[in-house]
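For reference, the structure discussed in these notes is given below.
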Amino acid sequence: MENIRVELGDRSYDILIGNSILEIIGEKLKTFNFSPKLALISNELVFSLYGDIVSESIKKAGFDLLTVIIPDGEEYKNIETLQYIYNELLKYKLDRKSALVALGGGVVGDITGFAASTYMRGISYIQIPTTLLAQVDSSVGGKTGIDHKLGKNMIGAFWQPKLVLIDTKTLNTLEKRQFLAGLAEVIKYGVIWDSELFQFIEVNKEKILGLDYNPLNYIIKRSCQIKAEIVSKDERETGLRAILNYGHTIGHAIETVTKYTRYLHGEAISIGMCLEAELAQLLNITEPSEVKKIKELIQFCGLPYCLPEDIDRTEIISSMYLDKKAIAGKLKFVLPEKIGKVRIERNIPGEILKKLL
Ligand code: NAD
Ligand code: GLY
């Protein structure tokens, strides 16, 4: 089992990564000073797959466990589901030393983290991420939240978990499309931070796509190390952490314009990463050969790499200006100088964007 530490002073925590490690959760929870009442938050699908093993381990460790099942899907990451969670926690009389355990993908993790950040002014929570995206990205770093009718992730808080437990065996049951969407975020870490990780994915791509656990555990571990390092340096995204948004300025606009129905997040980000690499090339920031490598890897992994003709370019540009990353009417782009190194650019001329799209 691998152990990666997210260094944040008295809010530091471990990320444990291994194969078939769900059953250690109860023992791990005993090492904290939680009160005996805990709550497990999951959805029906994930609970039906992994709920028993996790619940039994927690109960065996001596805790009283409330299970809260929320509906599956991004459309339920909202205030109504949050209200339902609060009701259940209050009825079960969870106290200020209780903890929540999130078992599921990014939707379950984000809403559980936000419930934890606000219940009785803030209680502890543990992440057990079960999608690749949640294992390499959303469970680490303490961004929690829900969607609002007027925008995704618009209501939230920075609230770090006490522990992240990643069982890579859970990926066995994940749909291929969801797996690939998570892989897009791993490719992102290669481009923004670590050319060796990028090369590793290039060399091992067939094995990774075939769920070979040797390269898979490595890329998950390396992604978590990179995210841990970035978050430790800039928890609240005042600077460096923004590089995690490579591909996201255009990617988020694609998700918004296509109303979150056509693409999974990782798919939209894949198109965004390709276009933002092309933007870097148009601005003479990067070499065409680097752009080619990024696009080829994304394409090989079965991810989308260009913007379909039927998507309205004017809507994409307008949507980028409405995103929460745009400040004072200026767009922020994370652009690769070369694989493994990016820079942040504002002041991109509108003409260049039009040319790009
Ligand atoms: P998700 O949570 O919707 O999970 C995708 C699907 O996979 C769901 O149907 C889920 O039930 C199912 N599933 C989960 N684990 C499974 C397993 N092991 N086997 C079979 N099916 C399984 O989607 P996601 O991609 O994990 O997360 C997306 C969410 O994460 C979005 O809301 C996004 O805003 C958020 N996010 C947050 C951060 C952050 O830093 N907090 C970062 C990136 C994304
Ligand atoms: N997923 C981007 C971040 O955590 O900052």
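Which values of log₁₀ I(q)/I(0), to two decimal places, follow from the Debye formula for the chain at q = 0.11, 0.13, 0.14 Å⁻¹ with a uniform point scatterer at every Cα? Log10 I(q)/I(0), no solvent term: -0.71, -0.99, -1.14. If you plug the beta carbon distance of TYR86 and THR314 into 1/(1 + (r/R0)^6) with R0 = 45 Å, you get a FRET efficiency near 0.60. Only the Cβ atoms of Lys and Arg (+1) and of Asp and Glu (-1) were treated as charged; on that basis the dipole of the chain about its Cα centre amounts to roughly 840 debye. Using the Cα gyration tensor of region 299-357, with a ≥ b ≥ c the square roots of its eigenvalues, what is the shape: rounded (a/c below 1.5), prolate (a/b larger than b/c) or oblate (neither)? Oblate is the answer for region 299-357, as a/c is 1.5 or above yet b/c matches or exceeds a/b.
Here the extension length gained between THR31 and LYS176 equals 48.6 nm, from 0.36 nm per residue of separation less the Cα-Cα distance. By a 1.4 Å probe calculation restricted to protein chains, SER124 has an accessible surface near 20 Å², given to the nearest 10.
Surface exposure of the chain, expressed per residue as accessible area with a 1.4 Å probe, stands at 43 Å². These residues, THR238, THR118, go from largest to smallest accessible area, 1.4 Å probe, as THR238, THR118. Of all DSSP bridge pairs formed entirely within the chain, close to 40 percent run antiparallel.
Give the Debye-formula value of log10 I(q)/I(0) at each listed q (0.15 Å⁻¹), with one equal scatterer per alpha carbon of region 191-349, two decimals each. Once normalised to I(0) and log-transformed, intensities are -0.85. Less than 13 Å Cβ to Cβ from GLU7, Lys/Arg counted +1 and Asp/Glu -1: what total charge do the surrounding residues give? Here the count lands on -1. Considering only alpha-carbon pairs that sit under 8 angstrom and 6 or more positions apart, the relative contact order computed for region 10-136 is 26 percent. Measuring max minus min along each principal axis, the C-alpha atoms of region 145-249 give extents of 39, 30, 29 Å (largest first). Divided by 2.2 N^0.38 Å, where N counts the residues, the Cα radius of gyration of region 257-297 comes to 1.32. Neighbours of LEU45 by Cβ distance under 12 Å: Lys/Arg scored +1, Asp/Glu scored -1, total -3. Modelled spin labels at ARG11 and ASP95, positioned 7 Å past Cα toward Cβ, are 2.5 nm from each other. Rounded, prolate or oblate: pick one for region 32-169, where a ≥ b ≥ c are the square roots of the eigenvalues of its C-alpha gyration tensor, a/c under 1.5 means rounded, and failing that, prolate if a/b is larger than b/c, else oblate. Cα axes put region 32-169 in the rounded bin.
Ranking HIS148, HIS248 by solvent-accessible area of protein heavy atoms (1.4 Å probe, all protein chains present), from largest to smallest, gives HIS148, HIS248. Solvent-accessible area of ILE53, all protein chains in place: 60 Å² (probe radius 1.4 Å, heavy atoms, ligands and nucleic acids excluded). Based on C-alpha pairs under 8 angstrom that are at least 6 apart in sequence, the chain has a relative contact order of 15 percent.
Which stretch or stretches of region 151-171 have amide N atoms under 13 Å from the point lying 7 Å from ASN78's Cα along the Cα→Cβ direction? Under 13 Å, as judged by backbone N against the label point of ASN78, lie 151-153 of region 151-171. Note on surface exposure: ARG241, ARG236 rank ARG236, ARG241 by accessible area, highest first, 1.4 Å probe. Per-residue extension of 0.36 nm, minus the Cα-Cα distance of TYR321 and VAL203, leaves a gain of 38.7 nm for this segment. I want the antiparallel fraction of DSSP beta bridges within region 81-201, as a percent rounded to 5. So the antiparallel bridges in region 81-201 amount to around 40 percent. Adding -39500 (n - 2.57) for every DSSP H run of four residues or longer, then dividing by how many residues the chain holds, sets the calculated 222 nm ellipticity at -13500 deg cm²/dmol.
Solvent exposure of MET120, expressed as accessible area, is near 80 Å², computed with a probe of 1.4 Å over the protein chains only.
Per-atom-type breakdown for region 116-226 gives carbon and sulfur 50% of the accessible area (1.4 Å probe, protein chains only).
The values are calculated or read from the model by the stated rules, or taken from the named source; none is laboratory data. Values in this document were obtained by computation on a predicted structure and should not be read as measured data. Every residue, glycine among them, receives a Cβ derived from its backbone with ideal geometry; neighbour counts consider all protein chains shown. Surface accessibility is based on the protein's heavy atoms, side chains included, excluding ligands, DNA and RNA. Shrake-Rupley method; radii C 1.70, N 1.55, O 1.52, S 1.80 Å.
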